[in-house]
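Nothing in this text is a laboratory measurement; each read-out follows from the coordinates by a stated rule. Small disclaimer: the values here were computed from a predicted structure and weren't measured. Every residue, glycine among them, receives a Cβ derived from its backbone with ideal geometry; neighbour counts consider all protein chains shown.
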Amino acid sequence: MSSCYLIKNGRIIDPKNSRDAIGDLAVKNGRLVNAGEENIDDAVEVDATGCWVVPGLIDMHVHLREPGEEYKEDIISGSRAAAAGGFTGVACMPNTRPVNDNRAVTSLILELAAKASTRIYPVAAISKGSNGESLAEFGDLREAGAVAVSDDGLPVRDSQLMRRALEYAADFGLAVISHSEEPSLSHGSMNEGEVSTRLGLQGIPTVAESIMVYREIALAEYTGKAVHIAHVSTAMSTELIRSAKKRGVLVTAETTPHYFTLTHEAVEGYATNAKMNPPLRSEEDRQAILQGLADGTFDAIATDHAPHSILEKEVEFDAAANGIIGLETSLPLSLALVREGVIDERRLVELMSVNPASILGLEAGTLSVGAPADVTIINPQIAFHYTEDKVVSKSKNSPFLDWKLQGRAVLTLMGGRVTNNLLN
Amino acid sequence: MTTGYFFPHRHILGIDHLSVDDIHHILSTAESFKEISSRPIKKVPTLRGNTIINLFFEPSTRTRLSFEVAAKRMSADTFSISASTSSATKGETLIDTARNIAAMNPDTIIIRHSFSGAPHMLTRYVDAAIINAGDGTHEHPSQGLLDMLTVRQHKGRLDGLKVAVIGDILHSRVAHSDILGFTKMGSEVFVYGPSTLIPHGLDRLGARVCRTLTQAVEDADVVMTLRIQKERQHDPLLPSFREYARRFGVTREVVALARPDALVMHPGPINRGIELMPDVADSDRSVILDQVTNGVAVRMALLYLVMGNAPVSG
């Protein structure tokens, strides 16, 4: 197992160093070193011709299901899926069983993460038990290794609690991630519109999301603190975030590959692998999401990777659990945006590496000399057929099964260790 | 019996996937079966040896009995399972229930379920023909078909008519099937009810959403009234039945706005005095009981037609 690599002739795209040029990258003892200067005779050479060499991709919103629902996914299997998808780091949400609202669960996650194929950054709960009543011990959680707090899966119903969370989290350098949903408007199983009417399914209107997005923006603006909006799915939310940013509000936002690729039409035939929360929206919403990715309204692409087994998905639509996996399809679907001219290569790297690292305060998202050797090598041309037998995650609940995808990570290095290798 | 038409459907899941020709064929077949029910010996051997299972997860008087009567008059063996006395109470999933039933080789399973899409799901897991007897708020195709048969009988045609549908459209699978059916056959459906009970995007299904009762009912050939359902717990849809009755109830005065020969229809059960006044329900313009009689004939037709598409074993 070599600790030295020389990645040759790749297109190095490193926005933080304003670099986009063909060149070589050298790795020694888990860190990036100067390719020209260091003595790395025994380095393994990696031919990256025709490939992009970028700072390791980071997915800032995944569910790893451990502790408590390991039959769906666990930290090891989830990290393998992440590495296969080109990720060197993932932030995992606290809606485990038990909820990650204390040092003990955070420590457990990090202990298991030591053997994982990606770096694991725990997101801890905003409230004890995520019950929305009182704050979790942010100081303790920060010390234990949490990078952010969120009650993801659920909204924080009580506005006063959310206000206090924004204020208190800032004291400990923890990002606050909001699952924005007005619960009284959210009784339904798909987007409210002509498709839900046609299928006879109760719909969740777009305002269920945008009402809460506005609340978070208003609280952030009032307190002067930062908030990050998770999984944005609607045009109205995108516009609210855009205008808030113009006013100087400290709001950041992420969207997912399924919101920029699919619409509520994907539910046709009562497909439970098209059921998630927030739900797939209309084509108008999808276009607005694309616009938001192009113009900088969105800071990050994150998958909301939510594994569920056939127990939860092979049932009647109304009874099916919300969520789809996404780690292995995120990069190919995002590369399609580059091919279609929605974003350029630099913006892609910002959305999938630089900005997630910055929002979560991570030592990542850069290929500077001395930085940890978290590197993703992307072949944007390579085609592959994403069939169920090829899925790395324990769960197979993806609406992209059987899709022919183009572009993927062919080599992933985490701390100088190869975690995924298709190059050979 | 209309011969020479190939009816291509193995399952009856909704009106949405039936063509105009399919619908004409079903209605004509139903017409020809109708006289069996007025014979002294109400029996033909057409479906002898057939096993038909009624799997009802929601209460039903008309539909369930209607399917049973239809099946028995065609000499099939029918069995009924209702959810409250089945292993569903022990937590058995729908798929498991259906698979276990299918393992006893029924020819046809008729299912009513509170989840939209449940019949669709079953077609993926069992071999029998599936007939949708009402799924959630999605469709109730046999009801839509019997409504169309009733109108066709009295009006002689199904195109160029104005059909007014009044009431709780949001929760009514019957309304959805009627809207799809009548629109497909060339009529116009005008819908009226409280805004809280009109689903989003209904116009995309082909219905005209009216702002006033007059707009909906004026010169209508058919006035179809829907049952008002009890309030849903988390959804404050209506303040009271009293207010609904005063503002949206179909009374003599309302029916007077329609054509003099307009039909008054209701899928049943009726909340007398709320959505439909008793004197209207019992008037000579009401064809509500014709609907029920036609229901048996339509269901006989459906059971007969899906049997024609059973896979040939061998």
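Below is a table of values for the structure above.
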item: Beta bridges per DSSP with both ends in the protein assembly as shown, % antiparallel, nearest 5; result: 35
item: Chain B, relative contact order in percent, only Cα pairs under 8 angstrom and at least six apart counted; result: 20
item: Counted charge near residue A:328, where neighbours are those whose Cβ lies closer than 9 Å (Asp, Glu -1; Lys, Arg +1); result: +2
item: Listed residue (A:270, A:297, A:234) projecting farthest to the positive dipole end of segment A:56-359, Cβ model; result: A:297
item: Principal axis dimensions, the protein assembly as shown - Cα atoms, whole angstrom, descending; result: 103, 65, 46
item: Charge dipole (the protein assembly as shown, unit charges on Cβ, about Cα centre) - positive-most of B:310, B:286, A:197; result: B:286
item: Percent of alpha-carbon pairs separated by more than 34 Å within chain B; result: 22
item: Neighbour-count order for A:316, A:265, B:68, fewest beta carbons within 10 angstrom listed first; result: A:265, B:68, A:316
item: Within a Gaussian network of chain A (alpha carbon springs, distance under 10 Å), most fluctuating of A:311, A:174, A:32; result: A:311
item: Size-normalised alpha-carbon gyration radius of segment B:137-221, reference 2.2 N^0.38 Å; result: 1.00
item: Counting all C-alpha pairs of segment B:141-286, share separated by more than 21 Å (%); result: 37
item: Cα-based convex hull, segment A:374-418, per residue volume (Å³, whole number); result: 88
item: Approximate shape of segment A:315-385 as ellipsoid semi-axes (Cα gyration tensor, √5λ), whole Å, largest first; result: 28, 19, 12
item: Two-site FRET efficiency, residue B:87 against residue A:265, from Cβ-Cβ distance with R₀ of 35 Å, rounded to 0.05; result: 0.45
item: Förster radius 22 Å - calculated FRET efficiency between residue A:22 and residue A:336, Cβ distance, rounded to 0.05; result: 0.40
item: Beta bridges per DSSP with both ends in segment A:56-359, % antiparallel, nearest 5; result: 5
item: The protein assembly as shown - charge dipole about Cα centre, Lys and Arg +1 at Cβ, Asp and Glu -1, debye rounded to 20; result: 1720
item: Environment charge of residue A:301, counting only residues whose C-beta is closer than 11 Å and scoring Lys/Arg +1, Asp/Glu -1; result: -4
item: Chain B, helix-only ellipticity at 222 nm - DSSP H runs n ≥ 4, -39,500 (n - 2.57), divided by all residues, nearest 500; result: -10500 deg cm²/dmol
item: Alpha-carbon centroid distance for the pair segment B:272-303 / segment A:285-347, whole angstrom; result: 49
item: Contour minus Cα-Cα distance for residue B:127 and residue B:309 (0.36 nm per residue); result: 64.3 nm
item: Shape parameters for segment B:1-103, alpha-carbon atoms, Rg then Dmax in Å; result: 16.2, 48
item: Summed side-chain charge close to residue B:34 - residues other than residue B:34 whose Cβ falls under 13 Å, Lys, Arg +1, Asp, Glu -1; result: +2
item: Charged-residue dipole, Cβ positions (Lys, Arg, Asp, Glu), segment B:1-93 about Cα centre, Debye nearest 20; result: 480
item: Inter-probe distance in nm under a simple model that places probes 7 Å from Cα toward Cβ, at residue B:99 and residue A:390; result: 2.8
item: Peptide B:168-179, shielding by other chains (average Cβ, 10 Å cutoff); result: 1
item: Charge dipole (debye, nearest 20) of segment B:141-286; +1 at Cβ of Lys and Arg, -1 at Cβ of Asp and Glu; result: 200
item: Mean projected area (nm²) of the alpha-carbon convex hull when chain A is viewed from all directions; result: 18.8
item: For chain A, calculated [θ]222 nm from helices alone, where every DSSP H run of n ≥ 4 adds -39500 (n - 2.57); result: -8000 deg cm²/dmol
item: For residues of A:198-206, the mean tally of beta carbons on other chains within 10 Å; result: 6
item: Packing-based ranking, highest mean first, of A:353-359, B:79-85, A:120-126 given that Cβ atoms within 10 Å are counted; result: A:120-126, A:353-359, B:79-85
item: Per-residue mean of C-beta atoms belonging to partner chains within 10 Å, peptide A:311-318; result: 5
item: Neighbour-count ranking [beta-carbon atoms within 10 angstrom, fewest first] of A:215, B:39; result: B:39, A:215
item: In nm, spacing of pseudo-spin labels at residue B:75 and residue B:259 (7 Å Cα→C-beta vector); result: 4.2
item: Share, in percent, of DSSP beta bridges within chain B that are antiparallel, nearest 5; result: 5
